[in-house]
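Here the structure comes first, spelled out in structure tokens, and everything after it is commentary.
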There are 2 protein chains.
Amino acid sequence: MTCEFICVGTELLLGNILNTNAKYLSEKCAELGISVFYQTVVGDNPERLEETVHLALSRSDCIIFSGGLGPTTDDLTKETVAKAFGLKLVEDARAKEELLARMNHYGRKITKNNFKQALIPEGQKALYNHHGTAPGILIEKDGKTAILLPGPPGELVPMFEEYCIPYFESRSNQKIVSVMVKLIGIGESEAAARIEDLILNSTNPTVAPYAKTTQVHLRVTAMAENEEAGRALIKPVLEQIQAKLGEYIYSMDENDDIEDVVVRDLEEKHLYISCAESFTGGMVASRLINVPGASNVLKESLVTYCDEAKMNRLFVDPETIKKHSAVSFECAKEMAEGVIRATGCDVGVATTGYAGPDGEEAGHIFFAVSFKDKTVVKEMNLAFDRNLVREAAVIRVLALVHQILKET
Amino acid sequence: MTCEFICVGTELLLGNILNTNAKYLSEKCAELGISVFYQTVVGDNPERLEETVHLALSRSDCIIFSGGLGPTTDDLTKETVAKAFGLKLVEDARAKEELLARMNHYGRKITKNNFKQALIPEGQKALYNHHGTAPGILIEKDGKTAILLPGPPGELVPMFEEYCIPYFESRSNQKIVSVMVKLIGIGESEAAARIEDLILNSTNPTVAPYAKTTQVHLRVTAMAENEEAGRALIKPVLEQIQAKLGEYIYSMDENDDIEDVVVRDLEEKHLYISCAESFTGGMVASRLINVPGASNVLKESLVTYCDEAKMNRLFVDPETIKKHSAVSFECAKEMAEGVIRATGCDVGVATTGYAGPDGEEAGHIFFAVSFKDKTVVKEMNLAFDRNLVREAAVIRVLALVHQILKET
């Protein structure tokens, strides 16, 4: 089944709001095995909306609309869609009753306009709305389906769950199964080159790379009659990816970020981590603390931005800074070892570098991880802007912690 | 001028990412006085992309594309658009040089794929990218304009500012002048209610409110024949906003975030700040360190997540924690005062709270700012999710620092 979305609303075209409905509907359709090929945003304009509806009907089995079901005269979605299907609007008794009850409950004055919301295309199904005044509508005619949902996410989401998921499940015999492989330490083009045959030649499952800040994600997606058959199709592809890119993979779970993996690693080994952060200024610690359960692995952390803090808090030798500067292999090493001495943690992490934006050295960074009398220091040149340099460094240093703990 | 957007990427159709580019581009076009009638999302599929490009060319003066400029074989935007305009792709010498320099700087291996990114439609303009490997492209042919920008917002946004705004301004004989008024401490609906007359009745300049996490921004936009005339139209409106909402305004500069304002406040008064962060885990410090020049106002900072760290590093009285718990008015006060004692800074900041996601108390937070023998403690209940609770707390505590320093 192919589906497309038409999101109606001038507020989207003016950039007043983010289109979270499109993301939500896309995610849900992917889970339901429905192929979404287009999303369109169009304003509250009858001609342009009508043109968009006709185009969508010509190329997709199902159209999901969001927005334009309100009581005002510029809410036109229902009228336009009914016209496109050649359907008359008639009053739905239950919709009218619920509308009156809701308006009374909130003590709102009922105007003539409001009754417009109780109109439904003749012979079609009203999707009663428990969170607002606009009922949704399900139209099935001439082999096409149209689903009209109200724009506010607080109404659209519960209505999709209540009405649309059961409707699509009852119609489909295919299930989409998808796994996200997450890599750090390799660029998108190099990763893609290593598995070029998989990307180009796989049709079921498909393999698609996505570049993130200093990460690459590979989505492997199979279509099958059920979850188990889908997993069976995906398995050999995952094995090939593992064989070719295994050293860079930190997770095959959609919901994992690198900090989730690191907190889990530490929890499993009953270890505490602490950081000595210079140019990342607390970002490593705050990423870790963002993970529920972080209190089992992190007690405290230090932001040592100036040289004196590095010497006083972390016992960095003043001679080290004098000789090599604070942005050096030697200083990063002493910082990582020093934070273990200062806090009694098991794993010590350090970052030092030039975030920029100015200066020859911008993006030149060192980070270090110390664990069990061994300290690994890495040097990198990151050609990003100031904030991305930090972001990239945080991800890289967490990946190094993961790698060291995995090897232990 | 009419414009539409085509955002290319299967990750949008699968709901992996939110389409923040569409919102950003919509907002900017609205400011520039460009009418946007359609936004389309389409996947990395040559036929569907081509069909979408032809439709857009038939109805709009200008199309802005985002995404699909990467080095992999499924990045097809440039190839498809060039074909639609009947243009051959040729290598751009500077694009190739910059690509090689960037790859060398990163220490990345260059694969054959990469060189695809240095191709530009013949006779058209490359928009060189300072934040990534994919140059953008500006095509002008047969009375139509196409602008191709890379998908990552960290590349698209600076490229739009550098190339597209001057391009659109040069084509229009009207200059758009816009000021963003930034407020913290008041909700969107209350702010809008206080200046309802301005929002409803102003046409030039217009006043539009935008709700952000725990902030409200008001954009005041005038169209005039030149910058000076635009500023003159805006001035009385800013005065009215100042009179009605002045206490909540922290900046009237588009580029300012609250941390920029706080770093400036501290620099002007030659003060050092340090934080004692519990549930924000280093986010306050890292926001401050993100500001160029932060080293003049922050030497070090502490993440004191567990109770012992609060007692040992910040001299919080064990009795205080025993009696009131670590998430209390008293503990926040002692933390803010303790960080001054521990680090010798002038302004001490503390955060303690329950970020959630679980538990009765989720979102219950305290933060404190201590300066010149006076400590102000605030208690809040933030009904957001775990990450937004932190984000909101960071903004609120920085706003409190600004307020206290302004009053001094």
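The values are calculated or read from the model by the stated rules, or taken from the named source; none is laboratory data. Small disclaimer: the values here were computed from a predicted structure and weren't measured. Ideal geometry is used to build each Cβ from the backbone, glycine not excepted, and the neighbour counts take in all protein chains shown.
Examine the range A:350-369 for a residue that is polar (S, T, N, Q) and out of contact with any strand residue (DSSP E or B) (no Cβ under 8 Å at 6 or more places or on another chain), and state whether such a residue exists. Within the range A:350-369, not a single residue is polar (S, T, N, Q) and out of contact with any strand residue (DSSP E or B) (no Cβ under 8 Å at 6 or more places or on another chain). Here B:Asn290 fulfils each of the conditions (1) out of contact with any strand residue (DSSP E or B) (no Cβ under 7 Å at 6 or more places or on another chain); (2) under 29 Å from A:Glu11 (Cβ atoms) apart from (2).
Does B:Thr10 satisfy the criteria of being at pLDDT 95 or above, within 7 Å of chain A (Cβ to nearest Cβ) and on the phi < 0 side of the Ramachandran plot?
On the way: at pLDDT 95 or above: no; within 7 Å of chain A (Cβ to nearest Cβ): yes; on the phi < 0 side of the Ramachandran plot: yes.
Criteria not met by B:Thr10.
On the stretch given as the range B:297-338, residues that are closer than 17 Å to A:Val339 by Cβ and either more than 13 Å from chain A (Cβ to nearest Cβ) or within 31 Å of the chain's Cα centre (by Cα) (or both) total 7.
Any residue at all in the range A:387-408 that's surrounded by fewer than 19 Cβ atoms within 10 Å (Cβ to Cβ) and among the aliphatic types (A, V, I, L, M)?
So in the range A:387-408, the residues surrounded by fewer than 19 Cβ atoms within 10 Å (Cβ to Cβ) come out as A:387, A:403-404, A:406-408.
Retained after the next criterion (residues that are among the aliphatic types (A, V, I, L, M)): A:404.
Yes, the range A:387-408 contains a residue that is surrounded by fewer than 19 Cβ atoms within 10 Å (Cβ to Cβ) and among the aliphatic types (A, V, I, L, M).
So which of B:Lys112, B:Lys83 is basic (Lys, Arg), at the interface with chain A (Cβ under 9 Å from one of its Cβ atoms), within 24 Å of B:Thr10 (Cα to Cα) and surrounded by fewer than 22 Cβ atoms within 10 Å (Cβ to Cβ)? Give the derivation first.
Numbers: B:Lys83 fails: at the interface with chain A (Cβ under 9 Å from one of its Cβ atoms).
Just one listed residue meets the conditions, B:Lys112.
Of the residues in the range A:21-43, not one is over 18 Å from B:Gly43 (Cβ atoms), aliphatic (A, V, I, L, M), assigned to a loop (DSSP other than H, G, I, E, B) and at pLDDT 95 or above.
Please state which one of B:Glu4, B:Glu51 is surrounded by fewer than 20 Cβ atoms within 10 Å (Cβ to Cβ) and either among the β-branched types (Val, Ile, Thr) or more than 8 Å from every other protein chain (Cβ to nearest Cβ) (or both). First the steps, then the outcome.
Numbers: B:Glu4 fails: surrounded by fewer than 20 Cβ atoms within 10 Å (Cβ to Cβ).
Exactly one residue qualifies, and that residue is B:Glu51.
Counting the residues of the range A:367-382 that are touching a Gly at 6+ places or on another chain (Cβ under 6 Å) and either more than 11 Å from chain B (Cβ to nearest Cβ) or within 16 Å of A:Gln215 (Cβ to Cβ) (or both) gives 2. Taking B:Thr20 as the residue in question, decide whether it is out of contact with any Asp or Glu (no Cβ under 8 Å at 6 or more places or on another chain) and away from every other protein chain (no Cβ under 11 Å). It is false that B:Thr20 is out of contact with any Asp or Glu (no Cβ under 8 Å at 6 or more places or on another chain) and away from every other protein chain (no Cβ under 11 Å). Against the list (1) crowded, with 20+ Cβ neighbours inside 10 Å; (2) in contact (Cβ under 8 Å) with a residue 12 or more places away in the chain; (3) within 14 Å of chain B (Cβ to nearest Cβ), the condition A:Gly15 fails is (2). Among the residues making up the range B:54-79, those that are surrounded by fewer than 22 Cβ atoms within 10 Å (Cβ to Cβ) and not in a loop (DSSP other than H, G, I, E, B) are B:His54, B:Leu55, B:Leu57, B:Ser58, B:Arg59, B:Glu79.
The set of residues in the range B:159-206 that are under 20 Å from B:Thr2 (Cβ atoms) and polar (S, T, N, Q) comprises B:Ser170, B:Ser172, B:Asn173, B:Gln174, B:Thr206. Hey, any hits in the range A:232-244 for a residue that's outside any helix (DSSP H, G or I), touching a helix residue (DSSP H, G or I) at 6+ places or on another chain (Cβ under 6 Å) and not aromatic (Phe, Trp, Tyr)? For the range A:232-244, residues outside any helix (DSSP H, G or I), touching a helix residue (DSSP H, G or I) at 6+ places or on another chain (Cβ under 6 Å) and not aromatic (Phe, Trp, Tyr): absent.
Taking the listed residues A:Asp253, A:Asp260, the one that is more than 8 Å from chain B (Cβ to nearest Cβ), over 26 Å from B:Leu298 (Cα atoms) and either at pLDDT below 95 or in a loop (DSSP other than H, G, I, E, B) (or both) is A:Asp253, with no other qualifying. Checked against the criterion of being of a type outside the set (Gly, Ala, Ser), in the same structural domain as B:Phe160 (by TED's automatic domain parsing), within 30 Å of A:Glu47 (Cβ to Cβ) and crowded, with 20+ Cβ neighbours inside 10 Å, the range B:89-105 contains not a single residue that satisfies it.
Restricting to the range A:192-217, name every residue that is small (Gly, Ala, Ser) and more than 9 Å from chain B (Cβ to nearest Cβ). First the steps, then the outcome.
Going through the range A:192-217, the residues small (Gly, Ala, Ser) turn out to be A:192-193, A:202, A:208, A:211.
Result: A:Ser202, single match.
Select from the range B:134-160 the residues that are touching a Gly at 6+ places or on another chain (Cβ under 8 Å) and within 11 Å of chain A (Cβ to nearest Cβ) and write down the one among them that is farthest from B:Phe85 (Cα to Cα). Per the stated criteria, the residue is B:Gly154. Here is the figure for the range B:267-296: residues that are over 23 Å from the mean Cα position of the chain (by Cα) and either farther than 23 Å from A:Ile289 by Cβ or among the acidic types (Asp, Glu) (or both) total 8.
Residues that are in contact with a helix residue (DSSP H, G or I) (Cβ under 6 Å, 6 or more places away or on another chain) and modelled with pLDDT of 95 or more, at least 2 per element: which strands (runs of 3 or more DSSP E) completely within the range A:98-204 meet that?
On the way: elements: A:119-121, A:125-127, A:136-141, A:144-149, A:175-184.
The qualifying strands (runs of 3 or more DSSP E) are A:125-127, A:144-149, A:175-184.
Screening B:Ile64 against (1) more than 10 Å from every other protein chain (Cβ to nearest Cβ); (2) within 27 Å of A:Glu188 (Cα to Cα); (3) in contact with a Lys or Arg (Cβ under 9 Å, 6 or more places away or on another chain) leaves a single unmet condition, (3). In the range B:24-36, of all residues being buried (at least 19 other Cβ atoms within 10 Å of the Cβ) and facing another protein chain (nearest Cβ under 7 Å), the one that is farthest from A:Leu32 (Cα to Cα) corresponds to B:Ala30.
Yes or no, residue by residue, for (1) over 28 Å from the mean Cα position of the chain (by Cα); (2) closer than 24 Å to A:Gly185 by Cα; (3) β-branched (Val, Ile, Thr):
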| position | (1), (2), (3) |
| --- | --- |
| B:Val90 | yes, no, yes |
| B:Ala101 | yes, yes, no |
| B:Asn113 | yes, yes, no |
| B:His131 | no, yes, no |
| B:Ala146 | no, no, no |
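Within the span defined as the range A:74-97, every residue fails to be under 30 Å from A:Met180 (Cα atoms), touching a strand residue (DSSP E or B) at 6+ places or on another chain (Cβ under 7 Å) and among the hydroxyl-bearing types (Ser, Thr, Tyr).
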